[in-house]
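Written below as C-alpha cells is the structure these notes are about.
The values are calculated or read from the model by the stated rules, or taken from the named source; none is laboratory data. The structure displayed is predicted, hence computed values, not measured ones. Cβ: placed from backbone, ideal geometry, glycine included. Neighbour counts: every protein chain shown. Only protein heavy atoms, including side chains, enter the accessible area calculation; ligands, DNA and RNA are left aside. Shrake-Rupley method; radii C 1.70, N 1.55, O 1.52, S 1.80 Å.
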Amino acid sequence: MAFPVDLRRCQILGLAGTACLALGGETAGALPVGDLLHPASARAALGLVGGYFGVVLLIAAWALLGRLVRGPRPPAPRALLLVLAVWAAPLLLAPPLFSRDVYSYLAQGAMVEAHMDVYAHGPSRLGGPLADEVAPLWRHTGAPYGPVFLAVAAALSGLTRGELPAGLFGMRLVALAGVALMAAALPRLARHSGADPSAALWLGALNPLVLLHLVAGAHNDAVMLGLLGVGLVAALGRWPVLGAVLVTLAALVKAPAVLGLAAVVVLQVRAGRSPVKALVTTTVAAAVTTVAATAVAGTGYGWVGALNTPVSPQNWALTTLLGRATQALLEHLGSDLAPLAIPVWHALGIVTAVVAIVLIWLRLRLRPVYALGLSLATVAALGPAVRPWYALWGLFLIAAAAPRTSVRPRTAAVTGVLALCVLPSGGPADTGQLVLAVSGGALAVVVLCQAHQAELAPALGRAA
C-alpha cells in the first residue's frame, strides 16, 4: 500500500527538516571563528546528527512532493511557491551552512568599499576580524566574481558597516531575492517549452540543493540564476534587448551565465528577426551593459583575469581527479611531466566542454532554453572545479525545458545524492564526523519508516 501523501504532509515534513537543520547548524554550521566548537564536542556532535536528520527529512518531503506533482492532480504553481516559502523560513535566521563562501563575499564587498583592488589581492589585504572569517585557502586569492555582484556586496558592506550578523543576514536576503527570481521565471519558461510549470518548480526551485546551498549557504549562484531566468523570460516576449541586458548582468555575477546570450539570439531568430540583426543587437546590448556595470562598480576589468582564479584542491571535478591520478602515476614512474598532469586534464576538459556545447546547440537549436541548460550542466561537469550547487546551473533550466518527463526523476535522483555530500560546516569530514552524519540520516530513515507504518496500520486494520 502506498504511503499517504498530500500537500500539507509534505509541507510539514519539509518544514520539520529545515527546522532541524537550522537548529543543528547553531553548533555544527559554518560558524564565525569565535563561535566554532571542536568537532568532537558533544554540542557539535549533536548538531551534526540533528543537521543530517533534517537534511534527510527535507529530501524525503521533496521526493513525496514529486509524487504529487507527477500525479493526476498536481498542485498549482502558487501552492508550490507557498511550500517553498515555508520550507525556507527556518533557514533565514540560521548561521551559514555547507560553505564559508559568504564570509568571502562580505570581505570582498568591504574591500571594494575601501577602494582596494579586489582582483589583485585577497581578503588578507583587508585584515581585521572579517578577513579572519574567510577560509584560509581564499584569504590570499583575488575575487573570481564579476562587478555586478561585487557592487552588491560593497553596497551591503556600507549598509551594515561591517557588522557580521547584519552582513550575513543581508547576504542571505540577496540570495533569497535570486531564488525568488528563479521561482518567478520557471513557470513562464516551462510553458514556453511545453513543460508542466508545477514540475518545473518542483525540480528547479524546491530542490533541496536550492534550499541547502542557495538559501542556507547564501551562494551568489542564486543571483546569477535569477537574473538569467528573468532575462530569458524577457527575451521570450517583446523585450529582447532587456533580455540581453539581464543575461549580461547575470554573467557579471558569475561568468557561466554568458552562455545565455546564445539563447537570447536564438529566441530572437525564432521570433522572426534576421540572425545578423539578432546577433548585433545582443552583442551591442551586452557590451554597453558590461561597460556601464563595470564603471558603476568601480572595480575595473580585473574580473577578466580573475577567471583563472585557482581552484580548491578539495574540489570534485572529474578532470581534477583524473589529473591527480595521472600525476601520482607519473611521480611513481619518476617522470618530470608530473606537474603538467592536472593543467593538461583541465585543458582537455575545457576543450571537450566546448565541443559538447557546439554539438548540443547544433542538435537543439530549436529548443534554446533546454540547450542552454544542457550547456551549463556540461560546463559544471567538465570544468576545473565542481561543487554540489554548481549542478543547479544546468538543472534550473533543464527543470523548465526537459522534453521528456523521464528526465526529471533521473535528474532528481542525482541531485538528491548531491544534497548529502557536504557537511553543514562546509569543511572536510573526518571519520567521526561521517559516522555522526550517517547516524543522523539513518535516524531520519527510521522515523520515516515508523511514520509510514503508523499511517498504514489503521487502513490495514479496516481491511482485515
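Structure above, values below:
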{"read-out": "Restricting region 60-85 to residues that are small (Gly, Ala, Ser) and under 13 Å from Asp196 (Cα atoms), the residue that is surrounded by the most Cβ atoms within 10 Å (Cβ to Cβ)", "value": "Gly66"}
{"read-out": "All positions within region 96-112 that are open to solvent by 20 Å² or more (accessible area, probe 1.4 Å) and farther than 21 Å from Gly305 by Cα", "value": "Arg100"}
{"read-out": "Considering residues of region 266-280 that are open to solvent by less than 30 Å² (accessible area, probe 1.4 Å) and without any contact (Cβ under 8 Å) to a residue 40 or more places away in the chain only, the residue farthest from Val223 (Cα to Cα)", "value": "Ala278"}
{"read-out": "Subset of region 396-432 that is of a type in the set (A, V, I, L, M, F, W, C) and over 25 Å from Ala22 (Cα atoms) - its residue that is surrounded by the fewest Cβ atoms within 10 Å (Cβ to Cβ)", "value": "Val407"}
{"read-out": "Test: residue in region 174-195 that is more than 27 Å from Tyr370 (Cβ to Cβ), modelled with pLDDT of 90 or more and open to solvent by less than 20 Å² (accessible area, probe 1.4 Å)", "value": "no"}
{"read-out": "Any hit, region 346-368, residues being at pLDDT 90 or above, crowded, with 23+ Cβ neighbours inside 10 Å, part of a helix (DSSP H, G or I) and in contact with a Ser or Thr (Cβ under 7 Å, 6 or more places away or on another chain)", "value": "no"}
{"read-out": "Residue, surrounded by the fewest Cβ atoms within 10 Å (Cβ to Cβ), within region 369-392, restricted to residues that are of a type in the set (Ser, Thr, Tyr) and in contact (Cβ under 8 Å) with a residue 60 or more places away in the chain", "value": "Tyr370"}
{"read-out": "Leu81 being aliphatic (A, V, I, L, M) and within 27 Å of Val134 (Cβ to Cβ)", "value": "no"}
{"read-out": "Criterion violated by Pro144 - all others in (1) within 28 Å of Leu84 (Cβ to Cβ); (2) within 18 Å of the chain's Cα centre (by Cα) satisfied", "value": "(1)"}
{"read-out": "Single match in Phe169, Phe149 (criterion: of a type in the set (A, V, I, L, M, F, W, C) and out of contact with any Lys or Arg (no Cβ under 9 Å at 6 or more places or on another chain))", "value": "Phe169"}
{"read-out": "Qualifying positions in region 400-428 - part of a loop (DSSP other than H, G, I, E, B) and either of a type in the set (Asp, Glu) or closer than 16 Å to His213 by Cα (or both)", "value": "Ala419, Leu420, Cys421, Val422, Leu423, Pro424, Ser425, Gly426, Gly427"}
{"read-out": "Boolean, Asp221 is more than 28 Å from Arg387 (Cα to Cα) and in contact (Cβ under 8 Å) with a residue 12 or more places away in the chain", "value": "no"}
{"read-out": "The listed residue being in a helix (DSSP H, G or I), of a type in the set (A, V, I, L, M), in contact with a Pro (Cβ under 6 Å, 6 or more places away or on another chain) and in contact (Cβ under 8 Å) with a residue 12 or more places away in the chain, out of Leu201, Leu168", "value": "Leu201"}
{"read-out": "Residue match in region 241-264 (condition: under 22 Å from Ala401 (Cβ atoms), of a type in the set (Val, Ile, Thr), crowded, with 24+ Cβ neighbours inside 10 Å and more than 22 Å from the chain's Cα centre (by Cα))", "value": "yes"}
{"read-out": "Residue count, region 211-225 (criterion: aliphatic (A, V, I, L, M), assigned to a helix (DSSP H, G or I) and closer than 18 Å to Phe149 by Cβ)", "value": "6"}
{"read-out": "Output for region 271-292, where each listed residue is basic (Lys, Arg) and at pLDDT 90 or above", "value": "Lys277"}
{"read-out": "Scan of region 226-243 for residues that are assigned to a helix (DSSP H, G or I), at pLDDT below 95 and not aliphatic (A, V, I, L, M), ordered by number", "value": "Pro240"}
{"read-out": "Some residue of region 120-131 being surrounded by fewer than 17 Cβ atoms within 10 Å (Cβ to Cβ) and either touching a Leu at 6+ places or on another chain (Cβ under 9 Å) or of a type in the set (S, T, N, Q) (or both)", "value": "yes"}
{"read-out": "Lone qualifier among Leu397, Leu392 - being within 19 Å of His192 (Cα to Cα), within 16 Å of the chain's Cα centre (by Cα) and assigned to a helix (DSSP H, G or I)", "value": "Leu397"}
{"read-out": "Filter result for Val445 (open to solvent by 80 Å² or more (accessible area, probe 1.4 Å), part of a helix (DSSP H, G or I) and at pLDDT 85 or above)", "value": "no"}
{"read-out": "Within region 1-59, tally of residues that are closer than 29 Å to Leu81 by Cα and open to solvent by 70 Å² or more (accessible area, probe 1.4 Å)", "value": "5"}
{"read-out": "Criterion violated by Ala338 - all others in (1) modelled with pLDDT of 95 or more; (2) surrounded by fewer than 21 Cβ atoms within 10 Å (Cβ to Cβ); (3) in contact with a Leu (Cβ under 8 Å, 6 or more places away or on another chain) satisfied", "value": "(1)"}
